[in-house]
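The values are calculated or read from the model by the stated rules, or taken from the named source; none is laboratory data. What you are looking at is a predicted structure, and each value in this text was computed from that prediction instead of being measured. FYI the Cβ positions are ideal-geometry reconstructions off the backbone, even for glycines, and counts take in every protein chain you see.
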Amino acid sequence: MNHDYPTLWPKGTAVRVIKLAECDDAIIKSCLWRNWRMDELNHGSPPIDYELRGFLIEPLCLGRSIFVARTHRNGVESRGIFISTPVRLFKKGAAITLNSVYFISRVERVTD
């Protein structure tokens, strides 16, 4: 599997996704950690340094959302679905969406 080209990773690839930053022109602003509630409907995008692990539901593609079957959130088992805003650009291990900058890496396992 090619580590340098995440758009070539197939569906089912185990991944780690970390929110590094909010885009300057974000459509939906990031929540602050003090306002973020796990397993609740939050008003805003996940906070900076939010991390998840799971499996790609669909291959990564420019112009489409990142779809991950989440198994872990911030190191704690938490099953669910992660969906980003559409990706504008892939650059040096990062996916830049309409809202956020995410570091995306392929992992051998979804847990540490």
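What the table below lists for this structure:
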| item | result |
| --- | --- |
| Tally of residues being surrounded by 13 or more Cβ atoms within 10 Å (Cβ to Cβ) and out of contact with any strand residue (DSSP E or B) (no Cβ under 7 Å at 6 or more places or on another chain) across the stretch 73-112 | 1 |
| Scope the stretch 17-32; condition within 12 Å of Leu98 (Cα to Cα) and β-branched (Val, Ile, Thr); matching residues | Ile27, Ile28 |
| Qualifying residue in the stretch 60-69 (condition: more than 20 Å from Thr13 (Cβ to Cβ) and either under 13 Å from the mean Cα position of the chain (by Cα) or among the acidic types (Asp, Glu) (or both)) | no |
| Answer residue from the stretch 41-74, given it is among the small types (Gly, Ala, Ser) and part of a loop (DSSP other than H, G, I, E, B) and is modelled with the lowest pLDDT among those | Gly44 |
| Where Met38 falls short, out of the listed (1) surrounded by 11 or more Cβ atoms within 10 Å (Cβ to Cβ); (2) at pLDDT below 85; (3) of a type outside the set (Val, Ile, Thr); (4) touching a strand residue (DSSP E or B) at 6+ places or on another chain (Cβ under 9 Å) | (1) |
| Among residues of the stretch 84-112, those that are of a type in the set (Val, Ile, Thr) and either closer than 19 Å to Ala21 by Cβ or at pLDDT 95 or above (or both), counted | 6 |
